[in-house]
Structure formats: structure tokens, C-alpha cells
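The values are calculated or read from the model by the stated rules, or taken from the named source; none is laboratory data. Since we're looking at a predicted model, the values are computed, not measured. Here the Cβ positions follow ideal geometry from the backbone for every residue, glycine too, while neighbour counts run over all protein chains shown. Only protein heavy atoms, including side chains, enter the accessible area calculation; ligands, DNA and RNA are left aside. Shrake-Rupley method; radii C 1.70, N 1.55, O 1.52, S 1.80 Å.
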Amino acid sequence: MAIKWDEEKTAGFREKLRQARALPTLPGIVSKITQMVEDPSVSAERIGRVIAKDHILAAKLLKLVNSAFYGFPGRISTVSSAVILLGFYVVRSLVLSASIFEAMEKTVVGLWEHSLGCAAIANVIARRLNLNNPEEVSTAALLHDIGKVVIRENLAEEAAVLDEAILSENISLYAAERRILKINHTQVGQRLCRHWNLPDRLAEPIAYHHEPSKSANHYVSTAIVHVADVLVRARGFGFGGDKWVPPLDHNAWAALTLREDDLPGLIAEAEEILVELRGFSFEIQNLGEKCPPAVES
Ligand SMILES: [Fe+2]
Ligand SMILES: [Fe+2]
């Protein structure tokens, strides 16, 4: 059966993307924090003061820093100490994910779980490689498929056409996007990163997680997100949009110097992180307006 879609509408979407009109804006405070994190002259105290102005965000951060996932001894009650303990990159990861994925978790649960799983595996691999920014790699992994959310939000009917093509033609979502929309979620994600002024260290893994060889400056992070994406799909955790496991890029795998027999341990470690991440993600959803104002010293 031939599948019909609206060529004009998809062309309109590509044009809207070019002009960044189809892209969501980051809440002011989140965009401010993501930029402050990149500025070496900014102190944890200053970031803490900005976060403390947003009580819900501050409460989420305190909840995270006091969760079993981080296991810091004693209760941390100020946002500044949370920023110091968690580190700037974790804070950015939290504020980004808290604001972007709130809607996503409710609407596309499968993709949210897929993203969390990918973030957990990427985190374990980055730690094993002793990278100095494992949290940043997990943020890239958490956001790697964000383009899919933008596509679904802008083109609900075409998204249904994509789903149909995946089933009737036995192709991947990536291939269906390219053929039907003439743009794919990695390109949309890349534009979104640019729109949000996110650094290349996050943008490259998002842009090239299906073709890591194209990553020019952040190859290792890109290779990690690529491999984590393949592993989480192979593990059958969450739903990435189709039933296929994307092909593994062997150079990316080789770059991570992992052996096949490292995999069971690595997956088990990631699953432990995942249990925490899911619990935490569920809890922060339930932190509504009624949360008490954050204390800032
Ligand atoms: Fe993807
Ligand atoms: Fe993915």
C-alpha cells in the first residue's frame, strides 16, 4: 500500500526549522544557567543564586543531591553546596532534562525510557574510560533523540505516516525520516542545540550518534553515545521509535577499547543507575507547586 504524506507540509517544516520557528525555546533561567556553566569565571555560588530564584528547579536539584544515587553523607540544604557537590555539568544536565523532558515523559514514555537507558549506559562507559566529564556525556545521551520530540510535536500526522512506513516497509525510523521528511532527527537535534547555544561537546554526539565517523572534534563522546544507543536498543529497554537495533559502527566500538565480555558487567552497572534515575525522574514529576521554597545561604 502506497503511503501518502503532505510534501508541502514537510517542506514547510524544514523551512520553519531553518528559521528556528519550529524549535521550542528554553525557559529563560535554563538558558541562563547553560551559558553560565560554560563561563570559567562564574562561581558555584552565582549559579546557586540564579537557581534558587526558581523554587521548583531548586527543589529538584536538592532532591537529586540528597538522593541515594549520589550518596553524599548528611543532608545538603543549600543550592550552592548542591552545585559544588554535583558539579556544573550535572547541574546543567538536570536543569535541561527537567525542563525539556517534563512534557516528553508524559507523552512519549517509551522514548523517555530509551533516553534514560542510553544516558545510564553512556555514563558507565565514560567512567570506565576515565573521562573527566562523564556527566556531560550522559547529558548528550539523554538528549540524543530530542529531534524526535520536535518532529512529533510539529508534524503529528506525518509522524503517524512514519510509524506506518516503519511497519509496512520494515525500515528504521531513521530511514523513514530521511525518505518522507527529507530530514532526520539528528539534524533536527543539531539545530536545536544551535538554537539553545549548547556547546559542541553536547551538539556533536547528538548530531552524529547514528554516524559517529562524522564527528570531527568530540569523537569519543559521540562514539559513546552511539554505542550506548545500540546497546540500549539491543537490551530492549524503552522504545526508540522502531524495533530495529541500529547497526554498530565498528570503529566507534574499537575506540572505546571495550571487550565483548565487559558487556554483561557494564549493562548490570547501568541498570543499577537506571533504577535510581527512573525513581528520581518519577519523584521530580511529583514535585509540584507545593514544594517549599529552597533555602539559600
Ligand atoms: Fe537516534
Ligand atoms: Fe536513540
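Just to verify a result, which residue in the range 74-94, among those that are of a type in the set (A, V, I, L, M, F, W, C) and open to solvent by 20 Å² or more (accessible area, probe 1.4 Å), is farthest from K63 (Cα to Cα)?
F88
Go through the range 254-266 and report how many residues are open to solvent by less than 30 Å² (accessible area, probe 1.4 Å) and either over 10 Å from I125 (Cβ atoms) or part of a loop (DSSP other than H, G, I, E, B) (or both).
The qualifying residues number 2.
Taking (1) within 16 Å of ligand 1 (Cβ to nearest atom); (2) under 27 Å from A270 (Cα atoms) in turn, D200 satisfies each apart from (1). Checked against (1) farther than 20 Å from A120 by Cβ; (2) away from ligand 1 (no atom under 15 Å from the Cβ); (3) not polar (S, T, N, Q), V220 meets all criteria but (1). Could we say that E15 is among the acidic types (D, E) and touching a helix residue (DSSP H, G or I) at 6+ places or on another chain (Cβ under 9 Å) here? It is false that E15 is among the acidic types (D, E) and touching a helix residue (DSSP H, G or I) at 6+ places or on another chain (Cβ under 9 Å). Which condition number in (1) assigned to a helix (DSSP H, G or I); (2) of a type in the set (K, R); (3) surrounded by fewer than 19 Cβ atoms within 10 Å (Cβ to Cβ) is the one that K60 fails? It fails just one condition, (3). For the range 73-82, check the following and say yes or no: at least one residue is hydroxyl-bearing (S, T, Y), at pLDDT below 80, assigned to a helix (DSSP H, G or I) and away from ligand 2 (no atom under 16 Å from the Cβ). No, because not a single residue in the range 73-82 is hydroxyl-bearing (S, T, Y), at pLDDT below 80, assigned to a helix (DSSP H, G or I) and away from ligand 2 (no atom under 16 Å from the Cβ).
When the range 121-145 is filtered for residues that are under 11 Å from S93 (Cβ atoms) and within 16 Å of ligand 2 (Cβ to nearest atom), the ones remaining, listed by number, are N123, V137, S138, T139, A140, A141, L142, L143. Sub-8 Å Cβ pairs linking a first residue in the range 137-151 that is within 10 Å of V225 (Cα to Cα) to a second residue that is outside any helix (DSSP H, G or I), at least 6 apart or interchain, are V137/L131; H144/H209, ordered by first then second residue.
Being of a type in the set (S, T, Y) and surrounded by fewer than 11 Cβ atoms within 10 Å (Cβ to Cβ) is the filter here; which residues of the range 1-48 pass it?
First, the residues of the range 1-48 that are of a type in the set (S, T, Y): 10, 25, 31, 34, 41, 43.
Of everything in the range 1-48, those that are of a type in the set (S, T, Y) and surrounded by fewer than 11 Cβ atoms within 10 Å (Cβ to Cβ) turn out to be T25, S41.
Condition (residue is modelled with pLDDT of 90 or more and over 15 Å from the mean Cα position of the chain (by Cα)) applied to the range 153-160: is it met by at least one residue? No: zero hits.
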